[in-house]
Ligand code: URA
């Protein structure tokens, strides 16, 4: 059993502060009855929760999209550095949240934060082939020859293997800025791939995971709950 205000805020319906006014305005019904108090205990998986006349489909786990800024760690906690979890607004903070996959400290863009371990495993497993699309700004131009090399798959001198990537030159007049899609998520993978062909990544942003694009309206450092439809896009291939 959980407090009503906690359940509503965990589902992104309203903040815990707003719950009282939602109740006063009779916007919430529990099992057909308007509750008077925000601290009553309900069973979110069994009780029928209505918001403005629509039945809420409760989700036990949280799935959050963050537009990760530079300078924060993709980790749950760290003694010294600020983490992506520290950046979450109070309404989205919950025990057990962690970033599903890591972006480097200086990488920006789409990061999924969740408390659903199985989901994260599936999203990250190379076997599931969830493509991740990045925009990389390079310190030099990517030649067609080097593009082909990266698209064929490479092996570094230390034996690390990277599967073939897809590379998109969006503007032929600017071959210092390209998009690269990979299905693995090895340590510093994009940076190391370009390093292999003599280029340094000077700026890196993740734009898409599976078929889910980074929300253009989400400012750096901001986060939002994902809807069920958005969540399903992650496993539904490409959305370009
Ligand atoms: N590849 C990298 O090199 N860094 C990231 O943050 C993500 C992919």
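Rule-based calculations on the coordinates, nothing more; no lab input. Please read all numbers here as calculations on a predicted model, not as lab measurements. Every residue, glycine among them, receives a Cβ derived from its backbone with ideal geometry; neighbour counts consider all protein chains shown.
Structural remarks
- Protection proxy ranking, highest mean first, for peptides 210-222, 132-144: 132-144, 210-222, where packing is the per-residue count of other beta-carbon atoms within 10 Å, averaged.
- Share antiparallel - DSSP beta bridges, the chain, percent rounded to 5: 90 percent
- The chain, helix-only ellipticity at 222 nm - DSSP H runs n ≥ 4, -39,500 (n - 2.57), divided by all residues, nearest 500: -5000 deg cm²/dmol
- Segment 1-43 and segment 188-240 have Cα centres separated by 34 Å.
- Length gained on full extension, residue 106 to residue 83, computed as 0.36 nm times the residue gap minus the Cα-Cα distance: 7.0 nm.
- R0 of 41 Å, Cβ-Cβ distance residue 95-residue 203: FRET efficiency to nearest 0.05: 0.75
- Rg over Rh [alpha-carbon atoms, Kirkwood Rh] for the chain: 1.07
- Peptide packing: for 170-177, 181-188, the average count of neighbouring Cβ atoms within 10 Å per residue gives the ranking 181-188, 170-177, highest mean first.
- Per residue, the convex hull spanned by the Cα atoms of segment 131-209 amounts to 80 cubic angstrom.
- Counting only Cα atoms, the size of segment 1-131 along its three principal axes is 49, 34, 22 Å, in decreasing order.
- R0 of 25 Å, Cβ-Cβ distance residue 213-residue 145: FRET efficiency to nearest 0.05: 0.25
- Cβ-Cβ FRET estimate between residue 70 and residue 192, R0 fixed at 22 Å, reported to 0.05: 0.70
- Computed lengthening from residue 127 to residue 1, 0.36 nm per intervening residue step minus Cα-Cα distance: 41.6 nm
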